[in-house]
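Report on the structure given below.
Rule-based calculations on the coordinates, nothing more; no lab input. Remember, it's a predicted structure, so these values are computed and weren't measured experimentally. Glycine gets a Cβ as well: all are built from the backbone with ideal geometry, and neighbour counts include every protein chain shown.
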Amino acid sequence: MVPETQFVLNSFAFLIWGALVMWMAAGFTMLESGSVRTKNASVICLKNIGLYSIAGLAYYVIGYNLMYTDVSGFIGSFTLFFNASPEEVALVGGDTGVTQSVLDTGFSQMSGWFFQMVFVATAASIVSGALAERIRLWAFFTFVLALTAFVYPIVGAWTWGEGWLFELGFSDFAGSTIVHGTGGWAALAGAIILGPRLGKFKKDGTVKNTPPSSVPITTLGVFILWLGWFGFNGGSQLALGGAVDAISVAGILVNTNLAGAAGALAAITVSRMILGRFDLFAVLNGALAGLVAVTAAPTMNHHGIAILIGFVGGVVCVLAIKLLDVLKIDDVVGAVPVHLFAGIWGTIAVAFTVDGTSFGVQLLGVLAIGAFVFGISLGLWKLIDILIGTRVSESVERLGQDVAELGVEAYPEFVLMPEDYDDED
Amino acid sequence: MVPETQFVLNSFAFLIWGALVMWMAAGFTMLESGSVRTKNASVICLKNIGLYSIAGLAYYVIGYNLMYTDVSGFIGSFTLFFNASPEEVALVGGDTGVTQSVLDTGFSQMSGWFFQMVFVATAASIVSGALAERIRLWAFFTFVLALTAFVYPIVGAWTWGEGWLFELGFSDFAGSTIVHGTGGWAALAGAIILGPRLGKFKKDGTVKNTPPSSVPITTLGVFILWLGWFGFNGGSQLALGGAVDAISVAGILVNTNLAGAAGALAAITVSRMILGRFDLFAVLNGALAGLVAVTAAPTMNHHGIAILIGFVGGVVCVLAIKLLDVLKIDDVVGAVPVHLFAGIWGTIAVAFTVDGTSFGVQLLGVLAIGAFVFGISLGLWKLIDILIGTRVSESVERLGQDVAELGVEAYPEFVLMPEDYDDED
Amino acid sequence: MVPETQFVLNSFAFLIWGALVMWMAAGFTMLESGSVRTKNASVICLKNIGLYSIAGLAYYVIGYNLMYTDVSGFIGSFTLFFNASPEEVALVGGDTGVTQSVLDTGFSQMSGWFFQMVFVATAASIVSGALAERIRLWAFFTFVLALTAFVYPIVGAWTWGEGWLFELGFSDFAGSTIVHGTGGWAALAGAIILGPRLGKFKKDGTVKNTPPSSVPITTLGVFILWLGWFGFNGGSQLALGGAVDAISVAGILVNTNLAGAAGALAAITVSRMILGRFDLFAVLNGALAGLVAVTAAPTMNHHGIAILIGFVGGVVCVLAIKLLDVLKIDDVVGAVPVHLFAGIWGTIAVAFTVDGTSFGVQLLGVLAIGAFVFGISLGLWKLIDILIGTRVSESVERLGQDVAELGVEAYPEFVLMPEDYDDED
């Protein structure tokens, strides 16, 4: 294959797979909007369209260069903006003398940026679900700005930017820990600082399951995410310029799909045992957990192994949902069980499925990224809490953020049941 | 074009078109969830995410080899699992000595598997809609396992696996009968065994149209399916490795779109005449029927013929909706009219649009596949009925499967109208 | 890259990007269905599936040839139907003697048709939102037929068909004015002829914001449109046959995304100032306005300029929403502010971002297309009004079009609030 064909195919693949990952932003929005109570279903839509916008702008202005430009171990460059190279601009302008140097880079620079940008948005999306129904709009947007401009890019510099964890041999193909773990740790820190929603954990020790506003919309969100995951993992091959890439990407899509399927089946099987009820949300989260788990290494040649990874991911997720309930940590959509816990499992499992990796380094990567993201997120949430306040007032929480913060209900014409706050604290 | 470029383009096309077909699983879910009564809108979501998972796993473990590996007339191999060839694994591992033998296969093996896998899921999706609101969850999953591991793969072996119907010259480009007919016959058998929903057919001979839970969500489902159909039919060219393929695929997408449009217009036109009312669901189903009808041969050079095929498909669908009402067969979403009846029309019409085909062989294919799938499905449903029971109890059916089987309503916070069961039998 | 590879990549790009643009039809449907009152949420679904069908058929039968075949300044050919060239048919039939002449065309003819067809549908979709909740179904379909068979193709002939505006140097890369302006002017004319909905503008000068049926579904629509816009703008490069195209398309997707993000942020920032409330719909429309604004020239090398273009687009949109309220023009979803006003801004801004363009010619193009489309649309709406009537009766409007025209409510099982018509005129 001639270099120009490779260049075009590599670039086109980044754009198509990246568009599918962008679509995951809609998936998170639907998943979250369908899962929260009806009184908060509009504000979560605004949070998601806002976070996607902020993530893209922040990554363009600051994040990408921090993550990929001149990374020296821990961090890249503080240069502002990331644009096409002068050579690419010259080539588009008609200067064919630079053709070779452009083709040597392998793909259009902005196609690579586009693909990385949608990953940042994914990390931010994870946070919005966990903290739904009680976090103030501006506090959330402020955190998202910090996460997408600085926190995630620094984690990315350590790894995909070829910093210190990369040097040690840490392997996380499409980001079970780099993306999903980062989002999960940030969400966990926020959930701890914010505290649970009113009435979530009752005095008698029971846990109140708040009613979802729309199960079909939640399910739609999961299907969108599943579809987007083909781009997320398939695009992380970072190339489509030859038979090896084509074979690899095909295997990745197959592994991704089988792991998601196995995660769903695991949750169907174990949710009744562990949660004491047959739970549609566990199944939906189980599918996502299977997808997260395989994301760290969706490259196995025997696809039965992907089934195993995904199945265990589904089990881990259901167990973690139970664990958070015990710890009285309120994660509205199960983002931490899905993205953090299943992500840890997947990242560790790499040591057993990928040659040249080690259990120790995988664990080190999980711990280092966890310590950094969790620590800095705790600090950020605390700072935001002091400066502008993170949590809505009790009256806003009772009334719902839609009416109180936004002035528009999600379904204003529909008659709703009065909410039951009888035995809250 | 060099062989490696062909290999990459063929494989990439399978993956992209396959991802669009996977998206049809979401389309069926939305279509069905929006069409059923609100009290059953959650369980149909679970059925769909479950069937997609089961279909993928069953096809990986058993189905694909039955359909494509060493097919000797009627059936392929009972080998377990389908993975990349040793040559492909070797090439990815760096052994360039096998390059030529890999490129000779034309595309990455797992990209082909991926594309075929999403077709299995489509066949299973067709069943869930017809049997909604009364079939037990586990009975449904059990049937799906049999359908996707054995029934569909055997039909596939006869045809695309180059078995006896293929040898006779039976032609069904993207599966009007192989996929949609198989799903439709399986659904019809199930609908007969299950019987109609309580109160569907009244003593006075009238038919009760049950209220859909959400018309916009149903409509979304149809748009998703329409989009996915570009992958379904376009990908069935099975190649993108040259100008002939590119021209063919473009024509296929154009024909697909025009047939869907014509089916919608046919239903707009005739639904008022035949059904006695202007019917949005008839229009939505008409579009789908047009898409099904053209699926058997979306390859005509004069695209006006696709309009004709789609238009007749829309008319056939509306007539078949009426017919099922007369026969007192309860198909909740019109899956049998859309997929089976319009599929038969499309498969027969091949004899008039594709050179080298014959009316007799097309009819034989329709009848043979129909007899096999309908017969074996009747037996399977009967067996499942005896072993675990197919139909929920009358009290569950009245209460709704969401509360009774799942413990979660689709829209728990919304106040619903009391259901009218006045004059049911 | 060899010509055949270029041919395949160009064609494939048209099909993939075109499929994404087709998906925008679903986006408009969701946006509109979620934005209207619940009593009109079904009929808008039917209008959208109907308009997409009509647009495709009309463009195949008449529109495409009017726009692209033998254009002599103002209009193309009145030949019926557009099919693949005889050379392409011959090549697919096995006549390799025509290979060179086919490859010389650069792409499969029907792939180009497919991409242009979905643009027509977009223009028609813009109209349905503005005129929702009061226009009669058949009046709307009649106008859509005229718009997609004649009006839009004539505008297209002047510009992309290389007619008189093209000759003068008018530049509108992906159609800020050609598509979005055309749809916007047609919608504006219709809104004037139809008049505002009952009770929209009160005697005391205040404006009544009617309740949306579903905010999450509206938000889903915006995400769908955003995703589809990558195809809309990226595909308008009209090629993927070399490194220059790949670089250009990548830059286009980046600019498109950043402009949408900036439009959303602009609306978040200014909606409170200008509209006097924090407004989710303003934010959603702001994102779309940013996307519309950059559509005329998403090709800038410094992507910060796209942010500027999109930000101003968002501001223009919010101001225009206010302006329409002052003028008592009732545009249900803000289609005119988003598509017409932001489109004008984007088209004029081309003079400052694209070499070789002039402010005068850009302005001339905006005015000429505006005068033509607005004038002919006024005449068409008036004619339709006389012949079959454009507006539903007052009783239908109060009852809702779903029940009155269609006989099916969007959410028939849900209990709705009684509507408040107290102080309408």
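What dipole magnitude, in Debye to the nearest 20, does chain A give about its Cα centre under +1 on Lys/Arg Cβ and -1 on Asp/Glu Cβ? If you can, show how the numbers build up before the last one.
Details: 17 positive and 31 negative charges, 177 e Å.
Charge dipole, chain A, about its Cα centre: 840 debye, nearest 20.
So what is Rg over Rh here for segment B:99-233, counting just Cα atoms and using Kirkwood for Rh? Provide the component values of the computation, followed by the final result.
Working: Rg = 18.6 Å, Rh = 17.5 Å.
So for segment B:99-233, dividing Rg by the Kirkwood Rh gives 1.06.
Solvent-free Debye calculation, one equal scatterer per alpha-carbon of segment C:160-241: log10 I(q)/I(0) at 0.11, 0.15, 0.27 Å⁻¹ equals -0.56, -0.87, -1.24. Taking a straight line from the alpha carbon of B:LYS202, these aspartates and glutamates sit under 14 Å away, with near neighbours fewer than eight places off in the same chain left out: B:ASP325, B:ASP330, B:ASP420, B:ASP422, B:ASP423, B:GLU424, B:ASP425.
Among residues of chain B, the one whose Cβ lies closest to the rotation axis carrying chain B onto chain C, together with that distance rounded to whole Å, is B:VAL415, 3. Going from the fewest other Cβ atoms within 10 Å to the most, the residues B:ASP420, A:ASP279 appear in the order B:ASP420, A:ASP279. One quarter of the convex hull surface built on the alpha carbon atoms of the protein assembly as shown amounts to 43.3 nm², the projected area averaged over directions.
Across the copies of the chain, C:LEU80 has label points (7 Å from Cα along Cα→Cβ) spaced 6.2, 6.2 nm apart, shortest distance listed first.
Please say if segment B:282-378 is rounded, prolate or oblate, where rounded means a/c under 1.5 for a ≥ b ≥ c the square roots of the C-alpha gyration tensor eigenvalues, and otherwise the choice is prolate for a/b larger than b/c and oblate otherwise?
Working: a/c = 2.58, a/b = 1.24, b/c = 2.08.
In terms of gyration-tensor shape, oblate.
Taking other Cβ within 10 Å of each residue's Cβ, how do C:HIS180, A:HIS339, A:HIS303 sort, fewest first? Before the final figure, lay out the partial values.
Numbers: C:HIS180 33, A:HIS339 36, A:HIS303 22.
So the ranking, lowest neighbour count to highest, is A:HIS303, C:HIS180, A:HIS339.
In terms of Cα atoms, the Rg and Dmax of segment C:14-59 work out to 11.9, 38 Å. Compute log10 of I(q)/I(0) for segment B:81-164 with the Debye formula, placing one identical point scatterer on every Cα and leaving out solvent, at q = 0.21, 0.25, 0.27 Å⁻¹, to two decimals. The calculated log intensity ratios at q = 0.21, 0.25, 0.27 Å⁻¹ are -1.00, -1.18, -1.26. Shown in residue order for segment A:330-337 are the 3J(HN,Hα) couplings computed by the Karplus curve 6.51 cos²θ - 1.76 cosθ + 1.60 at θ = phi - 60°: 9, 10, 4, 10, x, 5, 5, x Hz (x for Gly and Pro). From largest to smallest, the equivalent ellipsoid semi-axes obtained for chain C from the alpha-carbon gyration tensor read 36, 24, 20 Å. Spatially, segment C:163-181 and segment A:149-214 are offset by 47 Å when compared through their Cα centroids. Calculated on C-alpha atoms, the gyration radius of segment B:144-297 divided by its Kirkwood radius gives an Rg/Rh of 1.03. Sorted from closest to farthest, the other copies place their C:PHE278 label points 4.2, 4.2 nm away, with each point set 7 Å from Cα along Cα→Cβ.
Expressed as cubic angstrom per residue, what is the convex hull volume of the alpha carbon set of segment A:249-304? Don't skip to the end; give the middle numbers.
Details: hull volume 3.5 nm³, N = 56.
Considering the Cα atoms of segment A:249-304, their hull volume per residue is 63 Å³.
Past 30 Å, Cα to Cα, is the threshold; run A:LYS382/C:LYS322; A:LYS39/B:LYS39; B:LYS328/C:LYS39; A:LYS208/B:LYS47; B:LYS39/B:LYS382; B:LYS322/C:LYS382 against it and keep the listed order. Display every interim value, and only then the final one.
Details: A:LYS382/C:LYS322 39 Å; A:LYS39/B:LYS39 21 Å; B:LYS328/C:LYS39 32 Å; A:LYS208/B:LYS47 26 Å; B:LYS39/B:LYS382 27 Å; B:LYS322/C:LYS382 39 Å.
Listed pairs above 30 Å: A:LYS382/C:LYS322; B:LYS328/C:LYS39; B:LYS322/C:LYS382.
Kirkwood hydrodynamic radius of segment C:1-80 from all distinct Cα pairs, in Å?
For segment C:1-80, inverting the mean 1/r across all distinct Cα pairs yields 15.4 Å.
Scanning chain A for chymotrypsin sites (Phe, Trp or Tyr not before Pro) in DSSP loops with at most 10 neighbouring Cβ atoms within 10 Å leaves A:79-420 as the longest stretch between them. Taking other C-beta atoms within 10 Å as the exposure proxy, A:THR357, A:THR206 rank A:THR206, A:THR357 from fewest upward.
Selection among B:PHE115, B:GLY195, B:VAL92 by position relative to the dipole of segment B:3-406 gives B:GLY195 as farthest towards the positive end (Cβ unit charges, Cα centre).
Dividing the convex hull volume of the alpha carbon atoms of segment B:1-150 by its residue count, what do you get in Å³ per residue?
Values: hull volume 18.6 nm³, N = 150.
In segment B:1-150, the Cα convex hull volume per residue is 124 Å³.
Of B:LEU280, B:HIS302, B:PHE28, whose Cα points farthest to the positive end of the dipole of segment B:3-406 (charges on the beta-carbon: +1 Lys, Arg; -1 Asp, Glu; origin at the Cα centre)? Farthest towards the positive pole: B:LEU280. Take A:PRO3, push a point 7 Å out from Cα through the beta-carbon direction, and compare it with the same point in every other copy: 2.5, 2.5 nm, smallest first. Taking the Cα centre of the protein assembly as shown as origin, work out the dipole magnitude from +1 charges on Lys and Arg Cβ and -1 charges on Asp and Glu Cβ, in debye rounded to 20. Roughly 1960 debye for the protein assembly as shown. Pairs of alpha carbons in segment B:115-155 separated by more than 14 Å make up 45% of all such pairs. When the P(r) of segment C:42-108 is calculated, the portion above 18 Å amounts to 58% of the C-alpha pairs. Largest first, the three principal axis extents of the alpha carbons in segment B:189-279 are 61, 32, 23 Å in whole numbers.
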